[in-house]
Protein chains: 2
Amino acid sequence: MPATGETALVALDWAASALRAFRLGAGGAVLERRHLPGGILRLRPGDTAKPADFERAFVSACGDWIAAAPGVPVIACGMVGGAQGWREVPCAELPADPVGLGSALGRVEAPGGAVWIVPGIVSRGELPGVLCGEETQVAGLVGELPSAECVVAVPGAHPRWIRVVAGRIVGFDTFMTGEVFEALATHTILSHTLRLGAPLDPVAFDRGLAVARSEDGRLGLLATAFSARTLGVDGALAAEAQADYLSGLAIGHELRGLEERRPGLLARAARIVLVGAPGLCDRYCRGLAAAGLPPPQVAEHATERGLWRIAVEAGLVSGGGMSAREPGRGHHQEAL
Amino acid sequence: MPATGETALVALDWAASALRAFRLGAGGAVLERRHLPGGILRLRPGDTAKPADFERAFVSACGDWIAAAPGVPVIACGMVGGAQGWREVPCAELPADPVGLGSALGRVEAPGGAVWIVPGIVSRGELPGVLCGEETQVAGLVGELPSAECVVAVPGAHPRWIRVVAGRIVGFDTFMTGEVFEALATHTILSHTLRLGAPLDPVAFDRGLAVARSEDGRLGLLATAFSARTLGVDGALAAEAQADYLSGLAIGHELRGLEERRPGLLARAARIVLVGAPGLCDRYCRGLAAAGLPPPQVAEHATERGLWRIAVEAGLVSGGGMSAREPGRGHHQEAL
């Protein structure tokens, strides 16, 4: 049964593989949330989604909320504003104040009114990168972060490690760890022996982490990944353990790469915050512990808080006295 | 039209994805060669091949040669002797004399007589590895190698970097570069923009090599691979160039990993020999050049020469005065 309360903002996190919709009330309280499969890349499999595809997915995600509250503002973040999205919104440059992105929202006309789209943040250079939704998650956190350099990690298909100083995003690195794990586990010779879907085997996972950190780990994931098979053929790693061993290797190499490129970053960070699915954050917590780092904080509800703050900054909703340091009603249970 | 000449040995290189068959005459001269798609993993797609599958593929590969020369000895190397092969042959341990493997051949009964199978070589430790066909290629080369440490690289789906001292294999490292490239190019987000099948774009390939060697390259392939997409979105890398850029990254990270794990190995090697398809060897030559190393030697016909030498060692055929240092007739055109 839907929570009661007047809708102040409809907020969407519209990513590659999923669409999360939030009905927010006064002060940003979450009144309802929905998780839908209509990610950007799934709207028209094998092809780029068209405006009509976005409109259909939009109406099915939150058309009823808008019909019940005509004129309610709608905000969205994620790939919906990217090159393959509904409306491409020019990215902000580094360094960037993520809450301040509220002054640069893009706009697309949707059934029932405008949808305001949060711009991503681009990092230029030899390895260009883009935050596309993660900037909004950081916006949901910055009020609680110390002003000295912090690191916000967003694990997933394409993990981001975001450096934040005094509320501004100053840089970030992107990996393909989640997607590469999936490709290795299902589309290489490793798939012949590896079994997916078993509960986390912490011994196998930690073994993978340790190999990635070892002398042999210097060879890189291209070499260590093969041991998920050869240890199995040897009988030294059960089929059920191979997936978590490979996951430990992949996350271990991600952490090793970050340390090689940004020596001491994690050790000297005023805070490390993880934003993501709890099971995945657990794996990164183990990885950080294996590297001798203090436990990170695991943040929840960063996306919906960030969307609210950006909407306040944009003037779409009234902050109602809520400030970055004083989360509004509904957020007290969701503090870091 | 088949070459004339009496068959002295039928030699098979029976790998995961293909089966190469050679009809060898006196002194190891190659009278006929065939390339068939009947690799171990293709005999019964999605399942482990059964003895009858091997027998059928065997007869179709060389049944006519054997019928025309009843009693001719048959030798085979590659995954045919592995756990998923026709008959599993116990691996030799390191260090190993690859020609000397002739004294430890496995045997399986086939239509028309026995097939003798060359054992692989296992490397134990935290990252176990196995040579499965590559030991035979080294056997085809050792007579021409200096006795100081040499490195034989066998690029492909699972490249091996094999260290050879005084004719003995003393160690090796295995990568998954070819297969990981394929998985990244066809089963990740990179596939949305990347075009396969264009002729080699040396500028894009070298750019990938350079990024892998750069400061940013310290992040590892998990991070740099994503730039094949982001450079494309930026317009800084055409869709046609992305595959070779990614190939350069992958091979560059393989070389970087090898250097990180075995510092100075390639610089001090008495010789570096590449064994593989010419186009692929070209890529590794570029990679070695980018690392400031002298040009490697590219060896041809290593497999059939190795099978012949091992068969001589086993007493299956008479060497006819051929020694490791004096390749027999038919090999003069095939020297390193």
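Contact map, region A:216-229: first residue on the phi > 0 side of the Ramachandran plot, second residue acidic (Asp, Glu) and crowded, with 24+ Cβ neighbours inside 10 Å, Cβ cut-off under 9 Å, separation 6 or more or different chains; pairs are A:Gly220/B:Glu254.
None of A:Ala21, A:Ala15 is in contact (Cβ under 8 Å) with a residue 12 or more places away in the chain and in contact with a Lys or Arg (Cβ under 6 Å, 6 or more places away or on another chain) except A:Ala21. For the residues B:Val152, B:Val180, the requirement of being over 18 Å from B:Ala311 (Cβ atoms), among the β-branched types (Val, Ile, Thr) and within 11 Å of another protein chain (Cβ to nearest Cβ) singles out B:Val180. The condition of being modelled with pLDDT of 95 or more, out of contact with any strand residue (DSSP E or B) (no Cβ under 8 Å at 6 or more places or on another chain) and of a type outside the set (Ser, Thr, Tyr) holds for only one of A:Val89, A:Val72, A:Val99, that being A:Val99.
Within the set B:Ala270, B:Ala289, B:Ala238, the sole residue that is at pLDDT below 95, away from chain A (no Cβ under 13 Å) and open to solvent by 10 Å² or more (accessible area, probe 1.4 Å) turns out to be B:Ala238. For region A:23-76, the set of residues classified as within 16 Å of A:Arg87 (Cβ to Cβ) and among the β-branched types (Val, Ile, Thr) consists of A:Ile40, A:Thr48, A:Val74, A:Ile75, listed by residue number. Checking A:Gly113, A:Gly78, A:Gly82, A:Gly106 one by one, the residue that is under 22 Å from the mean Cα position of the chain (by Cα) and at pLDDT below 95 is A:Gly82 and no other.
Of the residues contained in region B:201-212, none is found to be in contact with a strand residue (DSSP E or B) (Cβ under 9 Å, 6 or more places away or on another chain), crowded, with 23+ Cβ neighbours inside 10 Å and under 23 Å from A:His158 (Cβ atoms). All of A:Ala11, A:Ala57, A:Ala49, A:Ala83 fail the test of being part of a loop (DSSP other than H, G, I, E, B) and buried (at least 20 other Cβ atoms within 10 Å of the Cβ), apart from A:Ala49. Checked against the criterion of being assigned to a strand (DSSP E or B) and closer than 27 Å to B:Ser247 by Cβ, the candidates B:Val152, B:Val108 yield just one match: B:Val152. Cβ contacts < 8 Å: first residue under 11 Å from A:Pro90 (Cβ atoms) and within 14 Å of chain B (Cβ to nearest Cβ), restricted to region A:106-130; second residue hydroxyl-bearing (Ser, Thr, Tyr) and open to solvent by 50 Å² or more (accessible area, probe 1.4 Å), any location; separation 6+ or different chain. Result? Here the result reads none, with nothing in region A:106-130 linked to a residue that is hydroxyl-bearing (Ser, Thr, Tyr) and open to solvent by 50 Å² or more (accessible area, probe 1.4 Å). Looking across region B:159-170 at every residue that is surrounded by fewer than 24 Cβ atoms within 10 Å (Cβ to Cβ) and touching a Cys at 6+ places or on another chain (Cβ under 9 Å), the one that is nearest to B:Gly257 (Cα to Cα) is identified as B:Arg163.
Those residues that are outside any loop (DSSP other than H, G, I, E, B) and surrounded by fewer than 18 Cβ atoms within 10 Å (Cβ to Cβ), I need them from region B:111-124; list them, please. Within region B:111-124, B:Gly113, B:Ala114 meet the criteria.
Is it fair to say B:Ala185 is under 26 Å from the mean Cα position of the chain (by Cα), closer than 30 Å to A:Glu88 by Cβ and either assigned to a helix (DSSP H, G or I) or within 10 Å of another protein chain (Cβ to nearest Cβ) (or both)? Step through it out loud before you land on a result.
Values: under 26 Å from the mean Cα position of the chain (by Cα): yes; closer than 30 Å to A:Glu88 by Cβ: yes; either assigned to a helix (DSSP H, G or I) or within 10 Å of another protein chain (Cβ to nearest Cβ) (or both): yes.
Yes: the conditions hold for B:Ala185.
In this structure, is A:Tyr245 open to solvent by less than 40 Å² (accessible area, probe 1.4 Å), within 22 Å of the chain's Cα centre (by Cα) and either within 12 Å of chain B (Cβ to nearest Cβ) or touching a residue at least 60 places away in the same chain (Cβ under 8 Å) (or both)? It is false that A:Tyr245 is open to solvent by less than 40 Å² (accessible area, probe 1.4 Å), within 22 Å of the chain's Cα centre (by Cα) and either within 12 Å of chain B (Cβ to nearest Cβ) or touching a residue at least 60 places away in the same chain (Cβ under 8 Å) (or both). B:Ala153 meets all of the listed conditions (1) within 20 Å of B:Ala277 (Cβ to Cβ); (2) open to solvent by 20 Å² or more (accessible area, probe 1.4 Å); (3) at pLDDT 95 or above; (4) not charged (D, E, K, R) but one, namely (2).
Among the candidates B:Leu131, B:Leu101, B:Leu127, B:Leu105, the residue that is open to solvent by 20 Å² or more (accessible area, probe 1.4 Å) and within 30 Å of B:Arg261 (Cα to Cα) is uniquely B:Leu127. Looking at B:Glu55, B:Glu88, just one residue is among the acidic types (Asp, Glu) and under 29 Å from B:Val170 (Cβ atoms), and that residue is B:Glu88.
Scanning region A:252-261 for residues that are under 21 Å from the mean Cα position of the chain (by Cα) and open to solvent by 10 Å² or more (accessible area, probe 1.4 Å), we see that the one that is nearest to the other protein chains (Cβ to nearest Cβ) is A:His253.
Per the listing A:Gly232, A:Gly197, the residue uniquely open to solvent by 10 Å² or more (accessible area, probe 1.4 Å) and either within 21 Å of B:Leu255 (Cβ to Cβ) or touching a Ser or Thr at 6+ places or on another chain (Cβ under 8 Å) (or both) is A:Gly232.
The values are calculated or read from the model by the stated rules, or taken from the named source; none is laboratory data. What you see is a predicted model; the values in this text were computed from it and never measured. Ideal geometry is used to build each Cβ from the backbone, glycine not excepted, and the neighbour counts take in all protein chains shown. Each accessible area value is taken on the protein alone, full model and side chains, heavy atoms only, with ligands, DNA and RNA left out. Shrake-Rupley method; radii C 1.70, N 1.55, O 1.52, S 1.80 Å.
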